[in-house]
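Everything on this sheet refers to the single structure shown next.
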Amino acid sequence: MQISRRTFLKGSAVTTAGIAAMGFSSKLRILKSIIPEANAAPAGGTYVNSTCRQCPARCGIRVRVVNGKAVKIEGNPNNRINYIHEGPSAGIGGLCPKGAVGIQLGLYDPDRVKGPMKRTNPTKGIDVDPKFVSVSWDEALNDIAGRLKKLREEGKAKTVLFAYGRGMGPIDAGNIKDFTTLLGSPNVIGHGTICAEGSKLAKHYTDGIKTYSIYDWENTNYLLIFGANILEAFRPLTGMLAEYGNMRQGRGQRVKIVYFDTRPTVTGSKADESYLVKPASDGAIALGMAHTILSEGLWNKKFVGDFVDEKNRFATGVTIDAKDFKEVWTFGLIDWWNAILKDFTPQKAAEISDVPAETISRLAREFALGQPGIALFERGPTCYVTGTYNGMCIHALNGLVGSVYVKGGISGIQEGPPLGSLPAKLEEYLDKIALETFEVKKEIDPKTGKEKVNIELKKEVKKFPKLQDVADAQAKGDPYKASMLFTWMTNPFFSSANPQRFWDAFKDVFIVSSSSWMDQTTIFADYILPDPSYLESSWIAPAYPGLGHPHVSIFNPVVPPLYDTKNWFSTLSELAKRIGGKMGEYYAKLGTIEDMRKALLTGEKIDWSYSDIVAKAVWWKKGPRIPYLCVDGKFYKEGKEVTPEEIKEKVFQTPSGKFEFKSGNKEKKIKEKVEKELAKAGITDAKVIEVKQQEEVAKKENDLYPHYKEPKWAGGGDLFLVTPKMVQHAEGRGANTPFLQEPFDLLNNRHSGTYCWMNSRTAYTRGIKDGDNVWVESDVGKIKAIALINPGCRPDTVVVPFEHGHRRAGAAGYGKYATIGSNPNEVTVHLSDPDSNLQSYFQTKVKVSKA
Ligand SMILES: Nc1nc2c(c(=O)[nH]1)N[C@H]1C(S)=C(S)[C@@H](COP(=O)(O)OP(=O)(O)OC[C@H]3O[C@@H](n4cnc5c(=O)[nH]c(N)nc54)[C@H](O)[C@@H]3O)O[C@H]1N2
Ligand SMILES: Nc1nc2c(c(=O)[nH]1)N[C@H]1C(S)=C(S)[C@@H](COP(=O)(O)OP(=O)(O)OC[C@H]3O[C@@H](n4cnc5c(=O)[nH]c(N)nc54)[C@H](O)[C@@H]3O)O[C@H]1N2
Ligand code: SF4
Ligand SMILES: [Mo]
């Protein structure tokens, strides 16, 4: 439920003066009236169940509240995401370090924005004091709504941009999509392309499912990990820390872990074998492994198939006739071999990656023979312009050994929760202005026979590109100039590569930030309409992929709002009501966030009572982790064998209905692009289109296969730059938390600051000593860091972890800790993977010199 400070007080029929004078028991009573099931803790105080929002994982928390103050966060064992399934801690809910410090980071941080603020300095710049002054909610909302209304009337609704991060559920992102649709703007821009889209697309191009994966840690034997930092980042970190313990000591079979990264990591130090690879070379390593698996006859014959005469003909340099091989659940193996693999020997892979050829072959053998095992990756190999292909090469290993949809393997179907409907139907509230941008299409779903309503963007309406490109689009005025920008839970003026682009392009745009902190985007804001902390809020959030079965985490207000904040949904709702007309009617019908939450959580198939869900702060349905299970080359669901048609629809969503080594989904994408471009040139003749499509597919044939390409490096320097996350970082947000910043980091025995880790040789040849100030410099910028000599680094690679260096503009800006040091994104060149659109964060080379 959304409880602003005011409604909290109103609901309990007391006054502001009253609450200050109120004793603990009265506050507890209020809390109980909101969350009736809040149970008394033995030593006084209460426990309130809720959800963590320090990372996208959505672990369950239980917060101890004493005398109206939240004092401690623990794991909530009702929630399945951080429920410990196995080992000595089985049955409890765990937390990672970021989850545990939520009280400090999320709630009692003195640097929070305490109420609505208005900019008084019309000049904008990263180091320019915005001179914010407090305003009333009414004044701010009236002004902003007036501007939106005027833009709508002038036919400029689409020039209003909404950027959001961390939104997974209909309420989670403040119901933002409904608001923009009613407003008539197509520009609702998520932060996925500055996060981890590369791993999703690599899977879409191979197994057909475009989502993060589900890993069966409990039953696996072997992990081949490429740049997924499972003990410091990844997600859910809590689950991973517990799973790691179980995999290594909690059960009979000790899982073997092999880790590839470009720099020293905790995960690498805890693995059985760890390799420092040349940046962006993982695709080559995986291809070398695939070469070994095939030439040594180690592929999974029941899943992949075999030569018709069962004699292995895969040998280096030998072309194979596709007729000689019969594939079962895979597609394109022989074409892939002939085009890419036959000459991609482990020796070749070794030259590219710096991992010895014998090691590549040995690990390939071990992986194939040690099944079930998983080849997994996340941002490491994918944050390059060739990232999608690196990912495809790695995931292809899972195809070769048949570790997809098997016990102990990797799968990709995360069933969503069966949420109920909202009290109002969006399509009934689009007015004339909204209908200039969108059209409502109704069709009968052939499967259910029921009417389906889609709200689609009109073909002729252009929209802004992906988040990191918005700055360039704005600078060019292409597709048009934005007049307003709203941000929720994202800070692209800090987190995107070369954020200086945003500082320049958005100087004259009216910005409304909902941030609870003076982040870098907020420094440019005209208004701040601050959200409450997640510990003061009411939300729902469907599980991030990982569990398989449906699951929703629930946010409950743990304490009353400390400050004059307003939940983003209520802010949008109030703006809509002020704009009036159908928009206002829609939001009046939706009611409060509590009404919405209740409507969504009382769906037909939600079998727990609403009060139970709220009290436990979770709903989930028991179900198998892997709904479609492959056993000996046959697929089963609930014990019954399923048809190839069902597999095509649900499991391998590819044109062949199989795991593809020659990507039909990529081919489709190439063809769609040709058709779009021809249409732009006014060519619609089907024959012409087809010929052009075939030409283009032939030209790009290599792109259909998992393959390796050396990417072009940017930045003009001689040292690869990697800017990863550390365990104590919570994206850009953790920087202001003493509890996270003060402990020593496990690898380097240092705390808070911007360090540039480098090999002793790299330092020596530049006359740099440990602790010296250094310049890290590229074509786009120059930052200062402290040299940290770590002999474990590659001599050609320096590491500057991401999180610090938030700017402070006059009195505005994150507090003491966050403004320490520098932001490595200021020297990172803005490039993206053209396939996945993921920002290529690690594509820059820098110069390092003594400052
Ligand atoms: N502590 C912490 N945990 C988090 C987050 C956080 O901010 N802090 N954020 C969450 C979010 S939003 C995400 S998307 C995930 C991301 O989770 P991960 O992808 O696991 O984390 P990253 O640090 O982004 O990158 C992973 C690793 O890739 C390495 N790397 C760079 N280039 C290469 C390469 O060419 N090859 C290989 N093999 N490795 C390379 C980096 O050095 C880094 O150690 O983490 C989530 N969990
Ligand atoms: N160099 C480098 N850059 C990276 C990464 C990296 O590893 N290296 N990681 C990338 C990844 S994986 C990601 S996901 C992105 C994340 O980048 P962003 O999408 O920018 O997300 P955050 O840094 O979490 O910033 C969220 C902002 O929301 C504000 N905020 C916090 N809580 C709330 C709230 O409750 N409500 C509202 N309205 N606002 C709130 C905070 O002020 C914070 O500044 O960064 C990317 N950038
Ligand atoms: S992994 Fe840690 S930060 Fe992420 S939701 Fe779970 S407890 Fe919170
Ligand atoms: Mo992310």
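The values are calculated or read from the model by the stated rules, or taken from the named source; none is laboratory data. Not measured: the values here are computed from a predicted model. Because the Cβ atoms are built from the backbone with ideal geometry, glycine has one as well, and the counts that use them run over all protein chains shown. Side chains included, ligands, DNA and RNA excluded: accessible areas come from the protein's heavy atoms. Shrake-Rupley method; radii C 1.70, N 1.55, O 1.52, S 1.80 Å.
A few remarks follow.
- Meets criteria (crowded, with 18+ Cβ neighbours inside 10 Å and more than 28 Å from the chain's Cα centre (by Cα)) for F659: no
- Residue ID - nearest to W337 (Cα to Cα), chosen from residues in the stretch 615-668 that are of a type in the set (S, T, Y) and assigned to a loop (DSSP other than H, G, I, E, B): S663
- With respect to the conditions (1) surrounded by fewer than 24 Cβ atoms within 10 Å (Cβ to Cβ); (2) in contact with a Cys (Cβ under 9 Å, 6 or more places away or on another chain); (3) among the hydroxyl-bearing types (S, T, Y), Y405 lacks only one, and its number is (1).
- Within the stretch 588-604, the set of residues being within 25 Å of L148 (Cα to Cα) and modelled with pLDDT under 95 comprises L590, G591, T592, I593, M596.
Table: residues versus (1) more than 11 Å from ligand 3 (Cβ to nearest atom); (2) in a helix (DSSP H, G or I); (3) small (G, A, S); (4) buried (at least 24 other Cβ atoms within 10 Å of the Cβ).
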| position | (1), (2), (3), (4) |
| --- | --- |
| T206 | yes, no, no, yes |
| I209 | yes, no, no, no |
| Y212 | yes, no, no, no |
| E218 | yes, yes, no, no |
| L224 | yes, no, no, yes |
| A233 | no, no, yes, no |
| T238 | no, yes, no, yes |
| A242 | no, yes, yes, yes |
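- Scan the stretch 440-465 for residues that are in a loop (DSSP other than H, G, I, E, B), among the β-branched types (V, I, T) and in contact (Cβ under 8 Å) with a residue 24 or more places away in the chain and the total you get is 1.
- Test: residue in the stretch 489-496 that is in contact (Cβ under 8 Å) with a residue 12 or more places away in the chain and away from ligand 1 (no atom under 16 Å from the Cβ): yes
- Set K725, K662, K666: member being within 25 Å of G387 (Cα to Cα), modelled with pLDDT under 95 and in contact with a Phe, Trp or Tyr (Cβ under 9 Å, 6 or more places away or on another chain): K725
- The lone exception for G805 - which of (1) touching an Asp or Glu at 6+ places or on another chain (Cβ under 6 Å); (2) on the phi > 0 side of the Ramachandran plot; (3) open to solvent by less than 10 Å² (accessible area, probe 1.4 Å) it fails: (1)
- Test: residue in the stretch 832-848 that is of a type in the set (G, A, S), under 22 Å from M726 (Cα atoms) and either over 22 Å from the mean Cα position of the chain (by Cα) or more than 16 Å from ligand 1 (Cβ to nearest atom) (or both): no
- Those helices (runs of 4 or more DSSP H) lying entirely in the stretch 291-387 with at least 1 residues surrounded by 20 or more Cβ atoms within 10 Å (Cβ to Cβ) and away from ligand 1 (no atom under 16 Å from the Cβ): 301-304, 333-339, 346-353, 357-369
- Per this entry, K589 is not counted among residues that are surrounded by fewer than 20 Cβ atoms within 10 Å (Cβ to Cβ) and either in a loop (DSSP other than H, G, I, E, B) or of a type in the set (G, A, S) (or both).
- Per the listing L529, L467, the residue uniquely at pLDDT 95 or above, open to solvent by less than 10 Å² (accessible area, probe 1.4 Å), of a type outside the set (V, I, T) and within 16 Å of ligand 4 (Cβ to nearest atom) is L467.
- Filtered residue count, the stretch 191-204, keeping only those that are more than 16 Å from ligand 2 (Cβ to nearest atom) and open to solvent by 20 Å² or more (accessible area, probe 1.4 Å): 1
- Of all the listed residues (S656, S663), the sole one being touching a strand residue (DSSP E or B) at 6+ places or on another chain (Cβ under 6 Å) and not β-branched (V, I, T) is S656.
- The requirement of being away from ligand 3 (no atom under 16 Å from the Cβ) and part of a loop (DSSP other than H, G, I, E, B) is satisfied by R254.
- For the stretch 541-558, the tally of residues that are out of contact with any Gly (no Cβ under 8 Å at 6 or more places or on another chain) and part of a loop (DSSP other than H, G, I, E, B) stands at 6.
- Pair list, Cβ < 8 Å and 6+ apart or interchain, from the stretch 231-243 residues that are of a type in the set (D, E) to residues that are part of a helix (DSSP H, G or I) and more than 11 Å from ligand 2 (Cβ to nearest atom): E232/V266; E232/T267; E243/W217; E243/E218
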